[in-house]
Amino acid sequence: MGNISTANNTPRAWLWRGIRDGLPFTLVIVPFAMLFGVVSTEAGLPLLQTMAMTILVIAGAAQFTAVALLVDNAPIAIIILTALAVNLRMALYSASISTHLGALPVWKKALVAYFLVDQSYAAGVAKFEAEPEAPAASKLAYFFGVVTPIAPLWYGFTLVGAVAGSAIPPEYALDFAVPITFIALIAPMLRTLPHVVTAAVSIIAGLAFVWVPYSMGLMVAAALAMAAGALTEIALERRKGAA
Amino acid sequence: MDSMTVWIVIIGMGIGTFLIRFSFLGLMSGRSFPDWAMRLLRYVPVAVMPGLVAPLVVWPAATGGEIDPARMGAAIVALAIGAATRNVLGAIFGGLTTLYLLLWLL
């Protein structure tokens, strides 16, 4: 296996493998990017700002959050903090991927950081854990391979959505595309009891504190929900330990 | 919302999101979060997004804050499909189909 795997370990080979593994994600990226373009335009953002957000942030869920709060006229600090709270999971991605790519030069790590989205992280970490001994240069090539079909389509189809979006009449109820998209993103995460408890507390507290000014109710709800999730996890571990 | 507000939000989000993504990768050292922080961070998306969405579902702005069976039904279908199949796109299409079907029927 030694010779063959050495031959296959060229960065070039890993780049192509990355591109191949990134292709299926385009099925998710294209409609999601279009939807953001539509929703952002419907919310009143001009094309330049819609594109600036999609290129500078490349994080769909946070972008939808920011647009929803902008429409709500929430204060700037609250909008930024809430959007960043949605992206906080990426600190975990950063920690995890650093065990594979941490030795690279800073400028390469900065590029990886910019492109560290849900899909590139998921594909990258799966590959790196399957072949931990591969050289860092090959792992980097793989990562950029995964990103190659994803990022340009994300930018391009946001543009398509933004241009097409202004032509869509209100009877299509696109106001509700954002809630539906969020629900669709969250639902698959409800895979353990603590996640379900977290979501339930978040919904109840989110509704109960909706009167709190400056959208601070959401921060309260999120803090309560995170604590509820962590405490449920601890309680389950204790019970398992006791049994 | 004025243009300057939107620009500040875009730039603030852009810098903040990059710093979050760069954080551990940039520092390297292979250190991990303390256990209690890992425990809380795991639940961040599930803690933030449902609370954000719930008021939009229950009191939609498009109906002037009145409870709307079509939007409520669409939300429930999207949740059910997403939880059952783990398929994000399927849940989006299922939810939107339900929304249009109910808006047309009711």
Scan the stretch B:12-65 residue by residue and report those that are more than 7 Å from chain A (Cβ to nearest Cβ) and at pLDDT 90 or above.
B:Ile15, B:Leu19, B:Trp59
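Quick check on the stretch B:80-102. Is at least one of its residues part of a loop (DSSP other than H, G, I, E, B), at the interface with another protein chain (Cβ under 7 Å from one of its Cβ atoms) and modelled with pLDDT under 95?
So far as the stretch B:80-102 goes, yes, one or more of its residues are part of a loop (DSSP other than H, G, I, E, B), at the interface with another protein chain (Cβ under 7 Å from one of its Cβ atoms) and modelled with pLDDT under 95.
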In the stretch A:92-105, the residues that are at the interface with chain B (Cβ under 7 Å from one of its Cβ atoms) and either surrounded by fewer than 22 Cβ atoms within 10 Å (Cβ to Cβ) or closer than 11 Å to A:Phe143 by Cβ (or both):
A:Leu92, A:Ala95, A:Ile97, A:Thr99, A:Leu101, A:Gly102
Before we move on, is A:Ala110 of a type in the set (A, V, I, L, M), farther than 15 Å from B:Phe24 by Cα, surrounded by fewer than 19 Cβ atoms within 10 Å (Cβ to Cβ) and out of contact with any Ser or Thr (no Cβ under 7 Å at 6 or more places or on another chain)?
no
Does A:Ala66 satisfy the condition of being among the aliphatic types (A, V, I, L, M) and within 22 Å of B:Val88 (Cβ to Cβ)?
yes
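Per-residue answers, yes or no, for (1) over 29 Å from A:Phe64 (Cα atoms); (2) assigned to a loop (DSSP other than H, G, I, E, B); (3) in contact with a helix residue (DSSP H, G or I) (Cβ under 6 Å, 6 or more places away or on another chain):
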site: A:Ala95; (1), (2), (3): no, no, yes
site: A:Leu116; (1), (2), (3): no, yes, yes
site: A:Ser120; (1), (2), (3): no, no, yes
site: A:Ala141; (1), (2), (3): yes, no, yes
site: A:Gly161; (1), (2), (3): no, no, yes
site: A:Ala164; (1), (2), (3): no, no, no
site: A:Ala167; (1), (2), (3): no, yes, no
Condition test on A:Leu56, is it surrounded by fewer than 22 Cβ atoms within 10 Å (Cβ to Cβ), out of contact with any Gly (no Cβ under 8 Å at 6 or more places or on another chain) and not in a loop (DSSP other than H, G, I, E, B)?
no
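Among A:Ala151, A:Ala66, A:Ala137, A:Ala103, which is outside any helix (DSSP H, G or I), in the same structural domain as A:Gln49 (by TED's automatic domain parsing), of a type outside the set (Asp, Glu) and at negative phi? Explain how you work it out, then say what you get.
On the way: A:Ala151 fails: outside any helix (DSSP H, G or I); A:Ala66 fails: outside any helix (DSSP H, G or I); A:Ala137 fails: outside any helix (DSSP H, G or I).
One residue alone meets the criteria, A:Ala103.
Scan the stretch A:113-152 residue by residue and report those that are among the hydroxyl-bearing types (Ser, Thr, Tyr) and over 12 Å from A:Trp16 (Cα atoms).
A:Tyr114, A:Ser120, A:Tyr121
Criterion first (in a helix (DSSP H, G or I) and at the interface with chain B (Cβ under 8 Å from one of its Cβ atoms)) does A:Leu23 satisfy it? It would help to see each step written out before you state the result.
Values: in a helix (DSSP H, G or I): yes; at the interface with chain B (Cβ under 8 Å from one of its Cβ atoms): no.
No; evaluated as a whole, the condition is false for this residue.
The values are calculated or read from the model by the stated rules, or taken from the named source; none is laboratory data. None of these values were measured; they are calculated from a predicted model. We place every Cβ from the backbone using ideal geometry, glycine too, and count neighbours over all the protein chains shown.
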